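Beneath this line is the structure, given in structure tokens, with notes to follow.
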Amino acid sequence: MSVNISNRSFRPYTGEKARITRAYDYLILVLALFLFIGSFHLHFALTVGDWDFWVDWKDRQWWPLVTPLMGITFPAAVQSVMWTKFRLPMGATLCVAALLIGTWITRIFAYHYWNYFPINMVLPATMLPGALVLDAILMLSNSLTVTAVLGGASFALLFYPSNWPLFGMFHVPVEYGNGQLTVADLFGFEYIRTGMPEYLRIIERGTLRTYGQYAAPLAAFCSALLCILMYTLWWFIGKWFATVRYLNKI
Amino acid sequence: MATTSEQLPLVVENKNAEPWYIKDLPMYLKGFAMLTVIYIGLRLYQGAFAVASGLDSSEPAFEQYWMQLFYVELGILAVFVTGVWGYLWLSRDRNLDKLEPKEEISRYFTLTMWISIYTFAVYWAGSYFAEQDNSWHQVAIRDTPFTANHIIEFYFNFPLYVILGGCAWLYARTRLPLYAKGISLPLTLAVFGPFMILVSVGFNEWGHTFWFREEFFAAPIHWGFVIGVWFALGVGGILLQGVTRLIELLDELEDAP
């Protein structure tokens with residue numbers, strides 16, 4: 001059933017009023033940029049953190065699971081406001097782009113120039129392809145359910161293949177000290193960090209070795225399931241925070 | 001509409017003046033510039049002295065270069081918070097019921113500038129210096145809660161953004177009718193939630209008395225910070241409140257070229 005949308009009250013501003021609203025838009029853009037770099041980056045660094053900081057943490061089991069799962073949170077919350085209230089289909093892309101700006105600045109100036117970690121050791125992963133798809137699905141479907149299922153799953157499933165061109169080269173095997181390891185592992189051994197190889201022990205748990213090439217796709221599909229749920233949860237968290245209530249007292 | 005010869009001198013005179021709705025723009029830009037100089041200055045200080053004198057808190061040089069900086073920071077913050085919060089409160093508008101639409105629009109712009117300055121401080125505290133903490137503690141063993149990065153991040157950046165968030169909250173409460181009549185829930189969430197990040201420093205450092213944990217930055221002892229920063233999403237509600245009121249106020253204005 002189609003709905004007749006009335007355009008009776010819609011009249012674009014002109015003259016000074018148009019300039020006022022445009023000036024307000026620019027102020028909000030600056031505000032939003034720093035808000036999402038600061039807030040999403042802190043959330044991300046303290047939940048995904050190590051998997052994004054270090055090349056030798058970018059494994060087959062946890063990295064493709066944890067990163068999209070924690071990375072879909074702010075995009076979902078921001079989409080719930082920007083799409084439903086302003087019809088701007090860019091909430092996810094805005095968040096992820098802001099995160100990338102923040103992480104790149106930090107990796108260069110805090111890791112490389114301050115503490116001399118090679119930049120290849122601390123390259124951030126990207127979630128931009130997944131974010132673009134998430135925004136496009138919301139715009140085309142205008143549906144929370146469709147976006148959660150298709151968009152949430154795509155966000156998780158696209159993560160590993162879109163990062164492989166960046167990080168695949170660090171997974172080539174090398175022989176070192178009569179043992180076989182990856183270039184990423186070698187970075188970890190050469191640049192000693194204060195607390196180290198706990199994770200390298202964890203990674204050899206379970207049936208990882210016998211599962212071989214299936215480990216990464218399995219982690220991605222597990223992440224897809226969880227991202228569907230996480231997207232829905234954070235949509236409502238974003239909606240709740242965007243309340244317009246005034247209180248009598250606090 | 002054509003400009004008449006009588007209006008011409010006025011037009012020429014006001015050519016370089018800011019439009020009435022962004023009259024606080026110069027102050028806003030100066031605020032950005034000042035904060036940028038402060039944060040970059042602190043990062044350069046770390047680059048110059050952290051490795052040379054910030055690795056061992058028992059050395060006299062640590063006291064001289066880092067603890068002295070800590071005391072100076074506390075002094076500056078105490079003076080700043082007293083001055084700026086005191087000014088905002090004492091200069092409050094006592095006749096808000098007589099506010100003209102143009103003045104109210106202008107004040108909404110200024111409130112947005114205050115929130116923007118607040119989010120700029122949140123960027124430095126939540127993004128740059130926060131992740132830099134991981135970088136530093138991967139190369140330096142922590143032997144004190146006042147490390148070379150904590151002195152900047154926990155005891156300067158965190159209080160500073162709390163103060164600036166408080167400025168935005170106070171500005172709205174003392175100068176805008178809707179915020180004076182009722183307490184805006186989203187603005188309160190967006191200011192008081194991130195304030196809890198400062199309080200979480202206590203939990204974090206208490207945790208570090210038991211555990212070393214640098215290896216795992218995403219450890220649960222850091223999740224207090226995470227929950228605090230979720231409240232920054234309240235800015236969406238502030239935006240909706242502001243836009244709704246601005247539309248009403250613009251409808252009250254005459255159309256102008």
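To keep it simple, each residue is scored yes or no on (1) among the small types (Gly, Ala, Ser); (2) more than 27 Å from B:Tyr45 (Cβ to Cβ); (3) out of contact with any Pro (no Cβ under 6 Å at 6 or more places or on another chain).
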position	(1), (2), (3)
A:Leu42	no, no, yes
A:Asp52	no, yes, no
A:Val66	no, yes, yes
A:Ala76	yes, yes, yes
A:Val96	no, yes, yes
A:Asn120	no, yes, yes
A:Leu140	no, yes, yes
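Here region A:14-66 is the region considered, the condition is being polar (S, T, N, Q) and either farther than 21 Å from A:Leu100 by Cβ or more than 7 Å from every other protein chain (Cβ to nearest Cβ) (or both), and the residue that is surrounded by the fewest Cβ atoms within 10 Å (Cβ to Cβ) is A:Thr14. Which condition from (1) open to solvent by less than 10 Å² (accessible area, probe 1.4 Å); (2) outside any helix (DSSP H, G or I) is the one that A:Ala98 breaks? Status for A:Ala98: all satisfied but (2).
The residues of region B:212-242 that are more than 30 Å from B:Arg107 (Cα to Cα), in contact with a His (Cβ under 7 Å, 6 or more places away or on another chain) and modelled with pLDDT of 90 or more amount to a single one, B:Val226.
Considering region B:184-211, the residues that are outside any helix (DSSP H, G or I) and farther than 17 Å from B:Arg107 by Cβ include one that is modelled with the lowest pLDDT, namely B:Trp211.
Total residues in region B:227-245 satisfying the condition of being facing chain A (nearest Cβ under 7 Å), closer than 22 Å to A:Tyr26 by Cβ and surrounded by 21 or more Cβ atoms within 10 Å (Cβ to Cβ): the figure is 8. Restricting attention to region B:180-198, the residues that are without any contact (Cβ under 8 Å) to a residue 12 or more places away in the chain and either closer than 17 Å to B:Gly234 by Cα or more than 10 Å from every other protein chain (Cβ to nearest Cβ) (or both) add up to 2.
Among the numbered conditions (1) in contact with a helix residue (DSSP H, G or I) (Cβ under 9 Å, 6 or more places away or on another chain); (2) away from every other protein chain (no Cβ under 14 Å), the only one that B:Asn95 does not meet is (1).
The number of residues in region A:158-175 being open to solvent by 60 Å² or more (accessible area, probe 1.4 Å) and touching a Ser or Thr at 6+ places or on another chain (Cβ under 8 Å) comes to 3. If you filter region B:246-257 down to residues that are open to solvent by 20 Å² or more (accessible area, probe 1.4 Å) and either at pLDDT below 85 or facing chain A (nearest Cβ under 10 Å) (or both), you find that the one that is nearest to B:Ile115 (Cα to Cα) is B:Ile247.
Within region B:110-141, the only residue that satisfies the criterion of being among the β-branched types (Val, Ile, Thr), within 16 Å of B:Tyr161 (Cβ to Cβ) and more than 7 Å from chain A (Cβ to nearest Cβ) is B:Ile117. Just one of the listed residues (B:Ala148, B:Ala168, B:Ala218) is outside any loop (DSSP other than H, G, I, E, B) and either within 24 Å of B:Gln132 (Cα to Cα) or small (Gly, Ala, Ser) (or both), namely B:Ala168. Residues of region A:105-123 that are in contact with an Asp or Glu (Cβ under 8 Å, 6 or more places away or on another chain) and away from chain B (no Cβ under 14 Å): none at all. Considered as a group, the residues in region A:107-123 that are touching a residue at least 12 places away in the same chain (Cβ under 8 Å) and assigned to a helix (DSSP H, G or I) include one that is surrounded by the fewest Cβ atoms within 10 Å (Cβ to Cβ), and that residue is A:Ile119.
Taking A:Val81 and the conditions (1) within 24 Å of A:Pro165 (Cα to Cα); (2) of a type in the set (Val, Ile, Thr); (3) open to solvent by 10 Å² or more (accessible area, probe 1.4 Å); (4) within 12 Å of another protein chain (Cβ to nearest Cβ), which numbered condition does it fall short on, given that it satisfies the others? Only one criterion in (1) within 24 Å of A:Pro165 (Cα to Cα); (2) of a type in the set (Val, Ile, Thr); (3) open to solvent by 10 Å² or more (accessible area, probe 1.4 Å); (4) within 12 Å of another protein chain (Cβ to nearest Cβ) is unmet by A:Val81, namely (1).
In the set A:Thr126, A:Thr93, only one residue is away from chain B (no Cβ under 12 Å) and not in a helix (DSSP H, G or I); that residue is A:Thr126. Scan region A:232-248 and tell me whether some residue there is open to solvent by less than 100 Å² (accessible area, probe 1.4 Å), away from chain B (no Cβ under 14 Å) and without any contact (Cβ under 8 Å) to a residue 12 or more places away in the chain. Within region A:232-248, none of the residues are open to solvent by less than 100 Å² (accessible area, probe 1.4 Å), away from chain B (no Cβ under 14 Å) and without any contact (Cβ under 8 Å) to a residue 12 or more places away in the chain.
The values are calculated or read from the model by the stated rules, or taken from the named source; none is laboratory data. Predicted model, so just to flag it, every value in this text is computed and none were measured. So basically every Cβ, Gly included, is an ideal-geometry build from the backbone, and we count neighbours across all protein chains shown. With ligands, DNA and RNA removed, areas are computed over all heavy atoms of the protein, side chains included. Shrake-Rupley method; radii C 1.70, N 1.55, O 1.52, S 1.80 Å.
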